[in-house]
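Asker: I have a structure I would like to understand better, so I am pasting it below and will then ask my questions one at a time.
The values are calculated or read from the model by the stated rules, or taken from the named source; none is laboratory data. What you see is a predicted model; the values in this text were computed from it and never measured. Methodologically, a virtual Cβ is constructed for each residue, glycine included, from the backbone with ideal geometry; neighbour enumeration extends over all protein chains shown. What goes into the accessible areas is simple: the full protein's heavy atoms, side chains included, and nothing from ligands, DNA or RNA. Shrake-Rupley method; radii C 1.70, N 1.55, O 1.52, S 1.80 Å.
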Amino acid sequence: ETGVTQTPRHLVMGMTNKKSLKCEQHLGHNAMYWYKQSAKKPLELMFVYSLEERVENNSVPSRFSPECPNSSHLFLHLHTLQPEDSALYLCASSPSRGTYEQYFGPGTRLTVT
Amino acid sequence: GENVEQHPSTLSVQEGDSAVIKCTYSDSASNYFPWYKQELGKRPQLIIDIRSNVGEKKDQRIAVTLNKTAKHFSLHITETQPEDSAVYFCAASMGIQGAQKLVFGQGTRLTINP
């Protein structure tokens, strides 16, 4: 499946590191999303972008900083993370009209040491 | 904000039997209710969805029912097969400036026993 891709697929970082997750969608969608998936909260919405504008920040700590330079790309910049931030980070995209279906990427498995 | 409760958290059924997963939501403004299936190590994928102006929808062995008054919706899988084993998530959603704000339930791990 190549509709929504994410890189890297696995990431290990220390608490003082700065890293970025990348998401790219090839479906012509106008909305993009970041989700966190962990054992405690299986699918937790973090951010919503529509036409490159952030329309929802679901009370996410500032150590997570999203960026959407165009409707095909979405980044999640990470800095000063905590071990409890270790999780699978999933990106998704959806069209702005017609179907409401969100298409998910394969995720980035993040481990904070 | 919206809150979605999903039950049961685990469900084990014999192959060929039916499986039912139930969800409740809190925000009456929610108008879209998808169900996602996530197999081990894979991404969530939409299997069926329903909008608030419809009470029931069916797609082959899968059906979803919605009771807006009770704020309750359910997934029904008939004639279960081993490949139905996965984690299933319900969600409630409302539109937000051309996007959908999905709030997911906690998930149900469905196991089909041969």
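Asker: Any residue in segment A:90-113 that's more than 8 Å from chain B (Cβ to nearest Cβ) and among the basic types (K, R): show its pairings with residues that are open to solvent by 50 Å² or more (accessible area, probe 1.4 Å) and part of a loop (DSSP other than H, G, I, E, B) at Cβ separation under 8 Å, as long as the two are six or more apart or on different chains.
Answerer: Every condition considered, the pairs that remain are A:R109/A:R9.
Asker: Could you tell me how many of the residues in segment A:16-53 are open to solvent by 20 Å² or more (accessible area, probe 1.4 Å) and at the interface with chain B (Cβ under 9 Å from one of its Cβ atoms)?
Answerer: Just the residues of segment A:16-53 that are open to solvent by 20 Å² or more (accessible area, probe 1.4 Å), to begin with: A:16-20, A:22, A:24, A:26-28, A:30, A:36-41, A:44, A:51-53.
Pick out the ones that are also at the interface with chain B (Cβ under 9 Å from one of its Cβ atoms) and you get A:30, A:37, A:41, A:44, A:51, A:53.
Within segment A:16-53, residues that are open to solvent by 20 Å² or more (accessible area, probe 1.4 Å) and at the interface with chain B (Cβ under 9 Å from one of its Cβ atoms) number 6.
Asker: For segment B:6-49, which residues satisfy the criterion of being charged (D, E, K, R), over 28 Å from A:P106 (Cβ atoms) and out of contact with any helix residue (DSSP H, G or I) (no Cβ under 8 Å at 6 or more places or on another chain)? Step through it out loud before you land on a result.
Answerer: Step one: list which residues in segment B:6-49 are charged (D, E, K, R), which gives B:15, B:17, B:22, B:27, B:37, B:39, B:42-43, B:49.
Those left that are additionally over 28 Å from A:P106 (Cβ atoms): B:15, B:17, B:22, B:27.
B:D17, B:K22, B:D27, listed by residue number.
Asker: Which members of segment B:42-59 meet the condition of being open to solvent by 80 Å² or more (accessible area, probe 1.4 Å) and within 25 Å of A:L88 (Cα to Cα)?
Answerer: B:K42, B:Q45
Asker: Count, please, the residues in segment B:97-114 that happen to be in a strand (DSSP E or B) and open to solvent by less than 30 Å² (accessible area, probe 1.4 Å).
Answerer: Residues of segment B:97-114 that are in a strand (DSSP E or B), as a first pass: B:99-104, B:108-113.
Narrowing further to those that are open to solvent by less than 30 Å² (accessible area, probe 1.4 Å): B:99-100, B:102, B:104, B:108, B:110, B:112.
The qualifying residues number 7.
Asker: Identify the single condition in (1) more than 14 Å from the chain's Cα centre (by Cα); (2) exposed (fewer than 12 other Cβ atoms within 10 Å of the Cβ); (3) at pLDDT 95 or above that B:D17 does not satisfy, given that it satisfies every other one.
Answerer: (2)
Asker: Restricting to segment A:58-89, what's the tally of residues that are farther than 17 Å from A:T5 by Cα and within 11 Å of another protein chain (Cβ to nearest Cβ)?
Answerer: Total satisfying the criteria: 2.
Asker: Go through B:T69, B:T80 for me and flag whichever is more than 22 Å from A:M46 (Cα to Cα), hydroxyl-bearing (S, T, Y) and surrounded by 13 or more Cβ atoms within 10 Å (Cβ to Cβ). Write out each step before concluding.
Answerer: On the way: B:T69 fails: surrounded by 13 or more Cβ atoms within 10 Å (Cβ to Cβ).
Result of the check over B:T69, B:T80: B:T80.
Asker: Look through segment A:1-15, keep the residues that are more than 15 Å from A:A92 (Cα to Cα) and more than 15 Å from the chain's Cα centre (by Cα), and return whichever of them is surrounded by the most Cβ atoms within 10 Å (Cβ to Cβ).
Answerer: A:M13
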